[in-house]
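Structure first, then comments.
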Amino acid sequence: MENIILSLLLIKSMTIYEMRMYIQQSLSTVCSDSLGSIQVAIKKLKSKNCVEYREYIENNIMKIEYSITEIGLNQFRDWIQTPMNIQKIKNMEEGKFFFLGMAPKEIRIQSIRGYIDSLISEQEKLVSIQTYVESTKEDAIQTNVERIAKESQLEDHLLAVSGEKTLDSVVKNIYDYQVYNLEYGLKRIKEDIAFYQAILERELNSKEK
């Protein structure tokens, strides 16, 4: 969670509420959007001086906006430059499927159907996001380039970690890989639905021994 937050702060200074909303909308398949998890991660980042913050009042409400520091930038750089590790991509819920054979047939069927329903719901959500992303691509890239260019520190940080010479190139790369992640999510969910539907058919067609 710490590195996810640092990644967000490289794009924009944010309040905890804004971080949570971004995770809910774009990273729900990657990490938890619980307020507690975000607050714990922020506390750890603050203790390591990876983030700094400013307080301001908006609509008579006190808000705290966080931004990344040079120390945080170095932690992000160390993290992003380390290749992805398949051993760290774990889903405890998949352990439930491993042992599902211990449950009665009606429970197995109910469990698989429920999981398929949740996969279909997530698929619909991602398709909706994909449609929106494709329709707003050019405007989104240009808007973000213009927004980041107004904050020299953000621009400097992004150029430093990316190795690119222009902000336009950095933003396009960020956008491209976010789209790749979306495409991967859709491909995986489609395959998962087909797999679990096949298991469900076997259960429904099998006779009790």
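Bear in mind these aren't lab numbers, they're just calculated from the coordinates by the rules spelled out. Just so it is clear, the model here is predicted, and its values are computed rather than measured. Positions of Cβ are generated from backbone atoms using ideal geometry, with glycine treated the same way; all protein chains shown enter the neighbour counts.
Cross-link pairs exceeding 26 Å in C-alpha to C-alpha distance, out of Lys43/Lys96; Lys46/Lys165; Lys96/Lys207; Lys96/Lys187, comprise Lys43/Lys96; Lys46/Lys165.
Each of Lys96, Lys207 was scored by other Cβ atoms within 10 Å of its Cβ. Listed from fewest to most, they are Lys207, Lys96. Here the dipole of segment 92-209 is about 660 debye; that uses its Cα centre as origin and unit charges on the Cβ of Lys and Arg (positive) and Asp and Glu (negative).
First measure r as the distance between the Cβ atoms of Ile80 and Lys190, then evaluate 1/(1 + (r/R0)^6) with R0 = 25 Å and state the FRET efficiency to the nearest 0.05. It would help to have the intermediate numbers written out before the result.
Working: r = 28 Å, r/R0 = 1.13.
Result of the calculation: an efficiency of 0.35.
Relative to the current alpha-carbon distance between Lys172 and Leu35, full extension at 0.36 nm per residue lengthens the span by 46.3 nm. Derived scalar couplings between HN and Hα for segment 110-118 equal 4, 5, 5, 4, x, 5, 4, 4, 5 Hz in order, rounded to whole Hz, by the Karplus curve 6.51 cos²θ - 1.76 cosθ + 1.60 (θ = phi - 60°), x for Gly and Pro.
Angle, helix 152-162 long axis vs. longest principal axis of the chain, Cα atoms, 0 to 90°, nearest 10? With rounding to tens, the tilt is 50 degrees. Charge dipole (Cα centre; +1 on Lys/Arg Cβ, -1 on Asp/Glu Cβ; no other charges) of the chain amounts to roughly 800 debye. Kirkwood analysis of the Cα pair distances in segment 92-209 returns a hydrodynamic radius of 17.7 Å.
Roughly what angle does helix 35-47 make with the longest principal axis of the chain, taking Cα atoms, 0 to 90 degrees, to the nearest 10? The angle comes out near 40 degrees.
Out of Phe195, Tyr132, Leu167, whose Cα points farthest toward the positive end of the dipole of segment 92-209 (charges: +1 Lys, Arg; -1 Asp, Glu; placed on Cβ)? Going by the charge dipole, the pick is Phe195. The protection proxy used here, the mean number of other Cβ atoms lying within 10 Å of each residue, ranks peptides 115-123, 11-19 as follows, highest first: 11-19, 115-123.
At a temperature of 37 °C and a viscosity of 0.692 mPa s, determine how fast the chain diffuses translationally according to Stokes-Einstein, using the Kirkwood radius over alpha-carbon pairs as Rh; express D in µm²/s, rounded to the nearest whole number.
D, rounded to a whole number, is 165 µm²/s.
Relative contact order for the chain: 20 percent, from Cα pairs under 8 Å spaced at least 6 residues apart, divided by residue count.
Would you please classify the overall shape of segment 1-90 from the alpha carbon gyration tensor, given that a ≥ b ≥ c denote the square roots of the eigenvalues, rounded means a/c under 1.5, and beyond that prolate means a/b larger than b/c while oblate covers the rest? Cα axes put segment 1-90 in the oblate bin.
Net charge of the neighbourhood of Asn49, taken over other residues with C-beta under 14 Å away and scored Lys/Arg +1, Asp/Glu -1, is +1.
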